[in-house]
Amino acid sequence: MPTIKVILNPVSGSGAGRRAGEAVRRTLREAGATFEIAETTGPLSAVAQAAQAVREGWEVVAAVGGDGMANEVLNGIMEASLGTPAWEAGEPAGTLGFIPIGTGNDFAWCMGVPVGDVPAACRVLTAGRTRVVDVGRVQDELGNVRYFCNNFGAGFDAATTVESYKLRYLRGALVFLVAALKTIFLYYKAPVVTVCYNEQERTLPLLMASVANGRRTGGMFMIAPQAVQDDGLLDITLARQVSRPAMFRLLPYFIRGTHATQPTVMVDRAAHVVVSSPQGLPVHVDGEIMRTDAHRLEVSVLRRRLRVAC
């Protein structure tokens with residue numbers, strides 16, 4: 001049974017984080033696990049806590065929360081692993097665990113981790129089964145670097161994420177659906193974006209540029225239904241500018257994962273993608289806003305460099 005460091009935000013979800021912590025403690029204690037629970041102290045504090053956990057030798061670092069918390073823990077794991085002898089020898093960083101109680105929980109869902117069931121998710125951690133998957137890396141024009149396990153988005157989906165932060169009275173995937181509907185009214189004029197991948201370049205008004213390692217985003221949108229998490233490729237979705245009514249009509253296609261059938265949507269796969277625009281683009285990684293005014297993003301894949309409990 002692996003040793004487990006659990007990181008949670010005690011004030012998330014109107015107390016859901018603290019209640020989940022109590023359930024985690026009880027379940028892991030009953031299982032006889034060696035574990036420790038750390039509470040976050042502010043935005044991005046989980047990055048430093050996860051990095052410290054890796055350096056201390058904890059075998060699994062588990063995020064209690066949603067995609068945002070998992071992303072912070074992932075970035076901490078990567079921070080502590082880069083440049084170590086094991087990393088230089090090609091070993092994956094790890095191990096990232098999920099206790100998914102957040103809004104989207106998309107990558108945990110992709111990995112088959114029970115969502116919203118704390119004891120079941122804890123049993124996944126104690127079972128010790130893992131899978132090695134790819135990691136996405138994003139670097140902006142200022143040199144800032146963030147890693148993602150699920151997806152990166154510039155444009156409409158990032159603007160939707162910004163709107164979702166304002167909907168504190170909603171829960172689950174409904175947050176992202178309502179945010180998407182609001183964004184159609186607030187963010188409908190597509191900026192001119194240049195996207196380079198697979199030795200081709202496209203410059204056109206784009207509502208959205210999504211680069212995914214996982215299949216689902218926003219708790220309900222099947223942005224990359226054919227994505228494989230360990231194939232060394234990222235799934236690209238580009239949506240051209242359309243009218244506001246056409247945007248409404250596209251939503252069900254993205255929910256079902258059939259948007260590739262639409263003439264205004266382009267899909268492809270690549271290991272390296274560059275997204276740039278003279279206009280500032282809102283950008284998210286795993287549902288967390290990275291920038292609201294980025295001009296150049298270089299996205300690449302680190303093949304099979306993360307171990308996850310699943």
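The values are calculated or read from the model by the stated rules, or taken from the named source; none is laboratory data. Not measured: the values here are computed from a predicted model. Virtual Cβ from ideal backbone geometry, glycine too; neighbours counted across all protein chains shown.
For the stretch 295-310, the tally of residues that are small (Gly, Ala, Ser) and under 23 Å from Ala46 (Cβ atoms) stands at 1. Might you let me know whether the stretch 302-310 holds any residue that is in contact with a helix residue (DSSP H, G or I) (Cβ under 7 Å, 6 or more places away or on another chain) and modelled with pLDDT under 95? The answer is yes; a qualifying residue exists.
On the given criteria, is Met266 aliphatic (A, V, I, L, M) and surrounded by 19 or more Cβ atoms within 10 Å (Cβ to Cβ)?
no
Within the stretch 191-211, the residues that satisfy the criterion of being among the hydrophobic types (A, V, I, L, M, F, W, C) and either surrounded by 20 or more Cβ atoms within 10 Å (Cβ to Cβ) or within 14 Å of Met266 (Cα to Cα) (or both) are Val193, Val195, Cys196, Leu204, Leu206, Leu207, Met208, Ala209, Val211.
Of all residues assigned to the stretch 286-297, at least one qualifies as being of a type in the set (Asp, Glu), under 29 Å from Ala127 (Cα atoms) and either crowded, with 18+ Cβ neighbours inside 10 Å or within 15 Å of the chain's Cα centre (by Cα) (or both). Scanning the stretch 36-59 for residues that are crowded, with 16+ Cβ neighbours inside 10 Å and in contact (Cβ under 8 Å) with a residue 40 or more places away in the chain gives Gln49, Ala50, Ala53, Trp58, Glu59.
Please tell me if Gly76 is of a type outside the set (Phe, Trp, Tyr) and at positive phi. So Gly76 fails the test. Answer with yes or no whether Ser277 is within 15 Å of the chain's Cα centre (by Cα), on the phi < 0 side of the Ramachandran plot and part of a strand (DSSP E or B). It is false that Ser277 is within 15 Å of the chain's Cα centre (by Cα), on the phi < 0 side of the Ramachandran plot and part of a strand (DSSP E or B). Note on the stretch 204-256: among residues that are over 17 Å from Gly287 (Cβ atoms) and of a type in the set (Gly, Ala, Ser), the one that is modelled with the highest pLDDT is Gly232. When Ala159 is tested against (1) under 24 Å from Phe98 (Cα atoms); (2) outside any strand (DSSP E or B); (3) at pLDDT below 95; (4) not aromatic (Phe, Trp, Tyr), just one condition goes unmet, and that condition is (1).
When the stretch 241-265 is filtered for residues that are within 25 Å of the chain's Cα centre (by Cα) and among the charged types (D, E, K, R), only Arg256 remains. Summed over the stretch 60-113, residues that are in a loop (DSSP other than H, G, I, E, B) and more than 25 Å from Met1 (Cβ to Cβ) total 8.
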